[in-house]
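Here is the structure we will look at.
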Amino acid sequence: MAKLRIAGTWVGVIDLELENWTVAMLREEVAKRSNAQRPDSINLISAGKVLKDGDGSQNLTQLGIRNNAKILATRVSVDEGKSLEQELMAEEERSRRLARVKAAATALSKRHVDGSLPIEDFNIELENQGGQKVQLGTETDQRAVMMGLMLHENAKNLLARQLYKDALEVLTMGEEAFSLCDPKVLEFIDNVPILQIDMVWCYFLLRDISWLSVAGIRLEKAREGLERCHGKDFSRVRLLQAGCQPELALHMRLELLEGVVAYHNGQLDKSKKALTSAQAKFSQLQVPDEALSHVMSMGFKERDARRALRLNNQDIGRAVDFLFEEKAKRKQKREDDIWHKIEIMELKQYGVTPLKKAVNVEKLKELVAIGFEKKLAAEALRRNENDFQKALDDLTNPETNSAIQLDIESRKRKREQRAVNARIEELVSMGFDRSRVVAVVQAGETMEQTMSRLLPEVDPLLAFDANSSGNPASEASNLNPDSVEGPLTADEERDVEMEDELARDIGKADALSDYDIEVTKEGEAIQEYLALLASTDSKEALSSC
């Protein structure tokens, strides 16, 4: 027999056989001696480790418990234990989700910058505030900026849902992504300083005073970045936005946060100056009911009307013009998206280059403009890794041109044969005789004609499958049949759900999204800290009397 010395909820010695007792048995014995109604309310701790029941097969000796060992027994609320477990599970799920966000942003930015053929039916491209596509630095820079932008948009979505802790984590990822880019490239975009402001806004919403020192540094960088991009008098951003004043709410939030940081650092005069300026901007952003009603009477939704008035300094005429322009831009974007999808579908027909890249659309257009047939030009570019001159040389050389045409015809026949084979397998799976199916299908008839000739002999019990779309052979006939240098295949580890979420966040954004701020919380914060300053002034006045 061995002895275990118990302390805590119950104090005493228990005689037992270490080889025959498990943690569950010991827990139950301690619960009985301490008058605990439920054994699961007892925690047992040995050598600083909580003893777990496990699968119940291990005895105390196997767990390292020796004769005369000391065991601390504590009693916990069962509900509290469950709550802690749920909290841990929630934290694990949150960590997994954040890891998925980062992995999806990394995968998307890589695929949509390095020339790979998009697996999706969309293509993500960098644009400036005027909506024109831009190339920023090297491919590495492009990927870094694209990843940073995607993470920033996702974080703003989390902020809107009041998931401030998650938003801060994603913003930190976005900051890391931007840090991989050449600093000189980042000087031309205001996304980085806006991200810095959003990070400090998260600190404020979390009411986490521990971030105070770093918050001041971030705000200094943000102000420098905005002045570099917008100009000290905002002239640059207003020129880009055709006289629109989108920056007001963003600068109001910046000044509010500068005032909050200054207050907690004891710089009361600096705090009052910043908060007073923020309050003046907040007043400018308040939309008069009459103006809002007037714009809404023209058929615009309240949110859109309010946004337009804020961005245009409450000028009704300019706000209405802005709304019509935005409507036209959205229509154009929808049309552009349709053409992009058609273009991507067409590119998938051409296959991929030896390095698994898509055929370059712009170079393809150049060759077609010269007079070459499109499929022929695409194949020449595909073979030559999108090298325009080499593709042109192949097309103008009679021998290589002929070889390319023969290759295209050969692949076309293979594609048609695969489609025939898929149709045969589909019909055989419905219960038709294979030899008869082969004869009918190879006659080249349509699916309807084939079915009308075969149906009299089909087993009635199988006939209901004739229109089934769940047969693998049926689905196979819709796959990209070209296997030139290997067909495009999606990575099995691709996180479609998360990538689609990031794509939706980006898709909803426009040139003014970063400036479109609902300022209610900011207004409340301004009043709160001005009141604190007033209270401090009153105390100082009383102490001086």
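The values are calculated or read from the model by the stated rules, or taken from the named source; none is laboratory data. Treat the numbers as computed from the prediction; the structure is a model and nothing was measured. Heads up, the Cβs are rebuilt from the backbone with ideal geometry, glycines too, and the neighbour counts pull from every protein chain shown. Keep in mind that these areas ignore ligands, DNA and RNA; they rest on the heavy atoms of the full protein, side chains included. Shrake-Rupley method; radii C 1.70, N 1.55, O 1.52, S 1.80 Å.
What are the residue pairs meeting all of these: first residue in the range 306-328, first residue assigned to a loop (DSSP other than H, G, I, E, B), second residue open to solvent by 40 Å² or more (accessible area, probe 1.4 Å) and of a type in the set (Lys, Arg), Cβ atoms under 6 Å, and 6 or more apart or on different chains?
Close Cβ pairs (under 6 Å, with a partner that is open to solvent by 40 Å² or more (accessible area, probe 1.4 Å) and of a type in the set (Lys, Arg)) amount to ASN312/ARG318.
All but one of (1) open to solvent by less than 80 Å² (accessible area, probe 1.4 Å); (2) within 17 Å of TYR515 (Cα to Cα) hold for ARG303, so report the exception by its number.
Of the numbered conditions (1) open to solvent by less than 80 Å² (accessible area, probe 1.4 Å); (2) within 17 Å of TYR515 (Cα to Cα), the odd one out for ARG303 is (1).
Name every residue in the range 314-344 that is within 17 Å of SER297 (Cα to Cα) and surrounded by 11 or more Cβ atoms within 10 Å (Cβ to Cβ), in order of residue number. Even if it seems obvious, please write down each step before you answer.
If we filter the range 314-344 for residues that are within 17 Å of SER297 (Cα to Cα), which is where we start, we get 314-324, 327.
Within the range 314-344, GLN314, ASP315, ILE316, ARG318, ALA319, VAL320, ASP321, PHE322, LEU323, PHE324, LYS327 meet the criteria.
Test GLN332 against the stated conditions and say whether it is part of a helix (DSSP H, G or I), polar (S, T, N, Q) and modelled with pLDDT under 90.
Numbers: part of a helix (DSSP H, G or I): yes; polar (S, T, N, Q): yes; modelled with pLDDT under 90: yes.
In short, yes.
Of all the residues that make up the range 92-138, how many are open to solvent by 20 Å² or more (accessible area, probe 1.4 Å), more than 25 Å from ILE338 (Cα to Cα) and either at pLDDT 80 or above or small (Gly, Ala, Ser) (or both)?
Count: 10.
Give the range 55-71 a look and list any residue that's out of contact with any Asp or Glu (no Cβ under 6 Å at 6 or more places or on another chain) and assigned to a loop (DSSP other than H, G, I, E, B), or say none. Quick ask: steps written out before the conclusion?
The first filter runs over the range 55-71 and keeps only residues out of contact with any Asp or Glu (no Cβ under 6 Å at 6 or more places or on another chain), leaving 55-58, 60, 62-71.
Within the range 55-71, ASP55, GLY56, SER57, GLN58, LEU60, GLN62, LEU63, GLY64, ILE65, ARG66, ASN67, ASN68 qualify.
Have a look at VAL320, VAL359, VAL287, VAL295 and point out the one that is within 30 Å of ASP393 (Cβ to Cβ) and either modelled with pLDDT under 90 or of a type outside the set (Asp, Glu) (or both).
Of the residues listed, the single one that is within 30 Å of ASP393 (Cβ to Cβ) and either modelled with pLDDT under 90 or of a type outside the set (Asp, Glu) (or both) is VAL359.
Look through MET173, MET147 and report the one residue that is at pLDDT 80 or above, in the same structural domain as ARG97 (by the TED database), open to solvent by 10 Å² or more (accessible area, probe 1.4 Å) and in contact with a Ser or Thr (Cβ under 7 Å, 6 or more places away or on another chain). Reasoning before the result, please.
Numbers: MET173 fails: in contact with a Ser or Thr (Cβ under 7 Å, 6 or more places away or on another chain).
Going through MET173, MET147 in turn, the sole match is MET147.
Search the range 246-281 for residues being buried (at least 20 other Cβ atoms within 10 Å of the Cβ) and outside any helix (DSSP H, G or I), and hand back the single one that is modelled with the lowest pLDDT.
Once the filter is applied, the top-ranked residue is PRO246.
Restricting to helices (runs of 4 or more DSSP H) lying wholly in the range 361-449: which have 3 or more residues that are among the hydrophobic types (A, V, I, L, M, F, W, C) and either open to solvent by 50 Å² or more (accessible area, probe 1.4 Å) or over 16 Å from GLY351 (Cα atoms) (or both)? Please lay out each step first, then the result.
On the way: elements: 361-370, 374-383, 388-396, 398-429, 434-441.
Answer list for the range 361-449: 361-370, 388-396, 398-429, 434-441.
Looking only at residues in the range 517-545 that are at pLDDT 75 or above and not in a helix (DSSP H, G or I), which one is surrounded by the fewest Cβ atoms within 10 Å (Cβ to Cβ)? Break it down stepwise before answering.
Pass one, the range 517-545, residues at pLDDT 75 or above: 517-536.
Narrowing further to those that are not in a helix (DSSP H, G or I): 517-519.
On the way: ILE517: 20, GLU518: 12, VAL519: 20.
Here the residue is GLU518.
Testing ARG33 on (1) free of Cβ contacts under 8 Å to residues at least 40 places away in the same chain; (2) loosely packed, with under 12 Cβ neighbours inside 10 Å; (3) not small (Gly, Ala, Ser), one condition comes back false. Which one is that?
All conditions pass for ARG33, except number (2).
Of all residues in the range 1-48, which are under 19 Å from ASN67 (Cβ atoms), touching a Leu at 6+ places or on another chain (Cβ under 9 Å) and assigned to a strand (DSSP E or B)?
Matches in the range 1-48: ALA2, LYS3, LEU4, ILE6, ALA7, VAL13, ILE14, ASP15, LEU16, LEU44, ILE45, SER46.
Give me the pairs: first residue in the range 330-354 and more than 16 Å from ARG382 (Cβ to Cβ) and touching a residue at least 12 places away in the same chain (Cβ under 8 Å), second residue outside any helix (DSSP H, G or I) and open to solvent by 60 Å² or more (accessible area, probe 1.4 Å), beta-carbon distance under 6 Å, and six or more apart or on different chains, which are they?
Matching pairs, first to second residue: HIS340/ASN123; LYS341/ASP121.
Please determine whether any residue of the range 39-56 is of a type outside the set (Val, Ile, Thr) and modelled with pLDDT of 85 or more. I'd like the intermediate steps shown before the answer.
So in the range 39-56, the residues of a type outside the set (Val, Ile, Thr) come out as 39-41, 43-44, 46-49, 51-56.
Remaining after also requiring modelled with pLDDT of 85 or more: 44.
Within the range 39-56 (the criterion being of a type outside the set (Val, Ile, Thr) and modelled with pLDDT of 85 or more), the answer is yes, since at least one residue qualifies.
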